[in-house]
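The values are calculated or read from the model by the stated rules, or taken from the named source; none is laboratory data. None of the values given here were measured: they were computed from a predicted structure. Quick reminder, even Gly has a Cβ in these numbers, built from the backbone with ideal geometry, and neighbours come from all protein chains shown.
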Amino acid sequence: TRKQPFADCAHDDILALKICNGIRPEINGQEAPKWYIELMKKCWNSNANNRPKAIEIKEEINKQIEVIKKNRKYRFLYIGSNQSIHPNACYTSRLLNPFTKDLPKYDNINNDSVEIIDFTKLSSEE
């Protein structure tokens, strides 16, 4: 939810009792990965023996980071291997003047109905 837990109530004895009785912060499944929500719920277990230890939490997070890295690498390799690229395709910045100088200017524009503005001549005072 991108909100602090229990931000809408006083952090007092009453809240502590509610937490002991099982109240938990709101979870939005759209904003957090399923594995994270499951890990968080394990940490909320009322029986301390059933909660993960800090090292287990660290290991789970590291495991998920590795999964993410592998997925990124696989996606990159998949896109690169299955996509054919034209030999004259260029994916770097360059001036377009040599390519656009021969294009007809304003072919389908009726100058009576369209005002053409030269943005290079506008000043910040206008």
So, in segment 34-61, how many residues would count as being assigned to a loop (DSSP other than H, G, I, E, B) and at pLDDT 90 or above? 6
Is there a residue in segment 2-11 that is under 22 Å from the mean Cα position of the chain (by Cα), exposed (fewer than 10 other Cβ atoms within 10 Å of the Cβ) and not basic (K, R)? yes
